[in-house]
């Protein structure tokens, strides 16, 4: 087995799908099937079973995954160690960034970083924070930029805190909130719970809400065009020309949303990791000015 074989097994294990794995690795499905059979022959076991629901790993296949993760992480660390001792900033950097932060803040940081350190092989994954948290735990990424609070006993840096805001069009700004539609947004359970608390404290409910959106930009546009009101983080409102009001809970506590950088202590000694964190922090300081 070689590194390509390791990558195939881990991708199949994570994605549980032949089509997605072949697209991710840029190989055809017949070639992927042939490679799997070759791996199985060399190991003397059946790795997986294909079904209509996707890929199911056999007990023997499941048992070797932790060893493969250890091998690939060791190889990655070896290369990064070599790069860090050659006087140039290189190596690989795998980053997981929450959807909203990647859309509104990441591009500028990434541009500056890649211009300064062109020898670093940067890989970006954008996803919901809870999924990125799991990826960080499994060593699939070096750094995670997450929205909301997560229990983490290694490297954790507060990146920023922003207000949660009531958002609507200017013409709707003086209407009672229960007199026109609330635009709901699918989000993580922690933020959803806080929104429900604020609504309850203000005698409001989402029980009869007919508009539920996944995309935050769509929520902004709907509010802008007077279709209803919504509760959104300040990060997405830089170009919104309408009514915006910071929200507070009944006890006077500001309703806010925080973003954190999480990393495993092992990776912080790598210069490309430490420098990227510094670039994230510097970029946030520029926004606060």
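Starting from the Cα gyration tensor of segment 1-47, multiply each eigenvalue by 5, take the square root, and state the resulting semi-axes largest first in whole Å.
Whole-Å semi-axes of the equivalent ellipsoid: 16, 11, 10.
Express the relative contact order of the chain as a whole percentage, based on alpha carbon pairs under 8 Å and six or more residues apart in sequence.
That works out to 20 percent.
Pick from 156, 93, 266: which is most flexible by mean-square fluctuation in a GNM of the chain where alpha carbon atoms under 10 Å apart are linked?
Taking springs between Cα atoms under 10 Å, the residue moving most is 266.
Using only the Cα atoms of segment 1-86, what are the Rg and Dmax in Å?
14.0, 49
Just checking my list [x] 17.7; [y] 15.7; [z] 19.0 against mean projected area of the Cα convex hull in nm² computed from this structure; which label fits?
Among [x] 17.7; [y] 15.7; [z] 19.0, the one derived from this structure is [z].
For the chain, take the longest principal axis of its alpha carbons; what is the angle in degrees between that and the long axis of helix 106-116, to the nearest 10 within 0 to 90?
So the helix axis and the longest Cα principal axis differ by about 50 degrees.
Assuming a ≥ b ≥ c are the square roots of the Cα gyration tensor eigenvalues, decide whether segment 45-114 counts as rounded (a/c under 1.5), prolate (otherwise, with a/b larger than b/c) or oblate.
Since a/c reaches 1.5 but b/c is at least a/b, the shape of segment 45-114 is classed as oblate.
Quickly estimate the mean residue ellipticity at 222 nm for the chain, helices only: each DSSP H run with n ≥ 4 gives -39500 (n - 2.57), and the total goes over all residues, rounded to 500.
Mean residue ellipticity at 222 nm (helix-derived): -14000 deg cm²/dmol.
Does segment 161-257 come out rounded, prolate or oblate, given a ≥ b ≥ c as the square roots of the eigenvalues of its C-alpha gyration tensor, rounded meaning a/c under 1.5 and, failing that, prolate meaning a/b above b/c?
Rounded, since a/c falls under 1.5.
Restricting the count to DSSP beta bridges whose residues both fall in segment 161-257, what percent are antiparallel, rounded to a multiple of 5?
75 percent
Please report the orientation-averaged projected area of segment 125-213, defined via the convex hull of its C-alpha atoms, in nm².
Projected over every direction and averaged, the Cα hull of segment 125-213 covers 7.8 nm².
How far, in degrees from 0 to 90, does helix 189-201 lean away from the longest principal axis of the Cα atoms of the chain, to the nearest 10?
Computed tilt is about 10 degrees.
Among DSSP bridges having both ends in segment 102-246, what percentage is antiparallel? Round to the nearest 5.
Among the beta bridges of segment 102-246, antiparallel pairing accounts for roughly 65 percent.
Indicate, rounded to the nearest 5 percent, the antiparallel portion of the DSSP beta bridges found entirely in the chain.
DSSP beta bridges in the chain are roughly 65 percent antiparallel.
Helix 271-288 against the longest principal axis of the chain: what's the angle in degrees, Cα atoms only, rounded to the nearest 10?
Approximately 10 degrees, to the nearest 10.
Starting with the highest mean, order 248-255, 36-43, 268-275 by the number of other Cβ atoms within 10 Å, averaged over the residues of each peptide.
Ranked by mean Cβ neighbours within 10 Å, highest first: 268-275, 36-43, 248-255.
No value in this document is a laboratory result; all are computed from the given coordinates. These figures come from a predicted structure and were not determined experimentally. FYI the Cβ positions are ideal-geometry reconstructions off the backbone, even for glycines, and counts take in every protein chain you see.
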